[in-house]
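To keep things clear, I will list the structure first and then write my remarks on it.
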Amino acid sequence: AEYGEAVVSTQSTGEHSSQIKLFLSIFSHPGSESRGISVSLYYRSVKDETNAFIVCFICDGTALLSPFYHELDKYTDGLVDHLADPEPYLVRWQFNCIEYVLRVLDYFRNDVSSLLYIALSRNNIDILATNPNSQIVRDTHLFISSCSLKELMYNTEVVFAPCSNPEESVMIDFDNKIVNYECNKFCSKWASQIESEYDAYIVRQKLEDYKIAANEDLNTFRRLLHLAEADHYAFFQGYEFIKLHDNGKILFEMLSHESMVYSLESLENLLNILQKFRLYKESVTLNTSRPS
């Protein structure tokens with residue numbers, strides 16, 4: 001990545017003007033034609049008006065940086081600790097913010113679907129790693145955070161911690177490249193869309209597409225349950241929706257967590273009734289399928 005700095009004077013009210021430092025980092029995509037540019041621009045006020053900066057990340061070709069807003073936003077926040085000598089930090093933005101997705105896919109080639117399942121279903125993840133601060137651990141943390149809906153819904157971050165009780169916890173074994181967790185059809189389909197890709201920009205866009213799809217499905221389930229407060233048929237539709245959906249278990253868990261986080265008593269009651277109805281239907285189906 002190429003790097004540059006400039007000082008921009010901005011005219012404010014009256015005769016006073018302030019100066020803002022501009023940090024510019026440009027990455028040229030190897031082998032791509034420069035048909036246009038994609039720019040992510042961030043502004044941060046550090047201490048006061050005389051200590052502000054603008055960071056501009058630019059990538060040439062047809063690649064889009066917009067799906068990487070989560071990563072670039074956090075990376076820009078980290079610049080505050082490197083203002084004395086920002087160049088070494090900024091020239092690595094492509095490595096740290098873009099290419100990490102390909103490193104994770106390559107490292108966990110056989111367990112990508114389980115990583116996606118964890119991203120949608122868990123907040124706290126135990127890790128087993130000889131070096132918990134290694135690059136691949138940081139990459140995987142960023143990968144799971146980027147796929148998660150937790151920050152969007154609850155303003156909480158995915159947390160990695162040393163493995164305390166592997167038998168009762170969701171655990172990622174970095175030393176043996178094993179993800180000890182289940183999966184579902186939704187995440188398997190999701191993984192199949194990205195496992196054979198070698199373009200980080202395409203992978204990130206597909207991650208965002210499925211993440212949006214999961215959020216839309218959650219909104220549909222939420223809407224049906226709100227209607228179910230006054231409409232029994234909507235309640236049955238909610239049951240059918242969650243029963244037949246490839247991601248039904250996670251959607252149910254996410255809405256249950258939401259009802260507890262925001263103390264939504266009516267929603268919690270509906271979910272409890274729905275869960276009892278699901279268990280009842282499952283028991284009936286099991287009994288009728290047994291040979292007499």
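Please compute, for the alpha-carbon atoms of the stretch 137-270, the extent along each of the three principal axes and give them in descending order in Å.
Dimensions of the stretch 137-270 along the principal axes of its Cα atoms: 51, 35, 25 Å.
Each residue of the stretch 92-99 in turn: what ³J(HN,Hα) in whole Hz from Karplus with 6.51, -1.76, 1.60 and θ = phi - 60°, glycine and Pro shown as x?
9, 5, 5, 5, 7, 9, 10, 6
Tabulate in residue order the Karplus-calculated ³J(HN,Hα) for the stretch 175-190, using 6.51 cos²θ - 1.76 cosθ + 1.60 with θ = phi - 60°, rounded to whole Hz; enter x for Gly and Pro.
3J(HN,Hα) across the stretch 175-190, in whole Hz: 5, 10, 6, 10, 10, 8, 7, 7, 8, 9, 5, 4, 6, 5, 5, 4.
What is the calculated FRET efficiency for F95 to F277, with r their C-beta to C-beta distance and R₀ = 30 Å, to the nearest 0.05?
Working: r = 51 Å, r/R0 = 1.68.
Rounded to the nearest 0.05, the efficiency is 0.05.
Take the Cβ-Cβ distance between E265 and A161 as r, set R0 to 25 Å, and report the resulting FRET efficiency rounded to the nearest 0.05. Numbers along the way, then the final one.
Numbers: r = 32 Å, r/R0 = 1.27.
For R0 = 25 Å, the calculated efficiency reads 0.20.
Would you mind checking which residues have amide H under 5 Å from I178's amide H? H placed 1.01 Å from N; only 5 or more apart, or other chain.
Excluding prolines and chain starts, which carry no amide H, the hits are D173.
Over 19 Å between C-alpha atoms is what I'm after, so list which of K249/K276; K185/K276; K74/K189; K150/K243; K189/K281 land there. If you can, show how the numbers build up before the last one.
Working: K249/K276 14 Å; K185/K276 24 Å; K74/K189 29 Å; K150/K243 23 Å; K189/K281 27 Å.
From K249/K276; K185/K276; K74/K189; K150/K243; K189/K281, over 19 Å: K185/K276; K74/K189; K150/K243; K189/K281.
Any idea of the accessible area per residue across the stretch 199-276, 1.4 Å probe, to the nearest Å²? Working shown, then result.
Working: 4010 Å² over 78 residues.
Value for the stretch 199-276: 51 Å² per residue.
For the stretch 157-239, build the charge dipole from Cβ charges (+1 Lys, Arg; -1 Asp, Glu) around the Cα centre, then report which of N184, F221, Y233 sits farthest towards its positive end.
Result: Y233.
Could you pull out every residue, at least 5 positions away or on a different chain, whose amide H is within less than 5 Å of the one on V159? Hs are placed 1.01 Å off N in the peptide plane, and Pro or chain starts have none.
Under 5 Å from the amide H of V159 lie the amide H atoms of N124, I125, each far enough along the sequence or on another chain.
HN-Hα J couplings of the stretch 231-246 from phi, Karplus 6.51/-1.76/1.60, θ = phi - 60°, integer Hz, Gly and Pro as x?
Whole-Hz 3J(HN,Hα) from phi for the stretch 231-246: 9, 5, 5, 5, 5, 5, 4, x, 5, 5, 4, 6, 5, 8, 6, 5.
The values are calculated or read from the model by the stated rules, or taken from the named source; none is laboratory data. The structure presented is a predicted model; accordingly, all values stated were derived computationally and were not measured. As a convention, Cβ positions derive from the backbone with ideal geometry for all residues, glycine included, and neighbour counts pool all protein chains shown. For accessibility, only protein heavy atoms count, side chains too; no ligands or nucleic acids. Shrake-Rupley method; radii C 1.70, N 1.55, O 1.52, S 1.80 Å.
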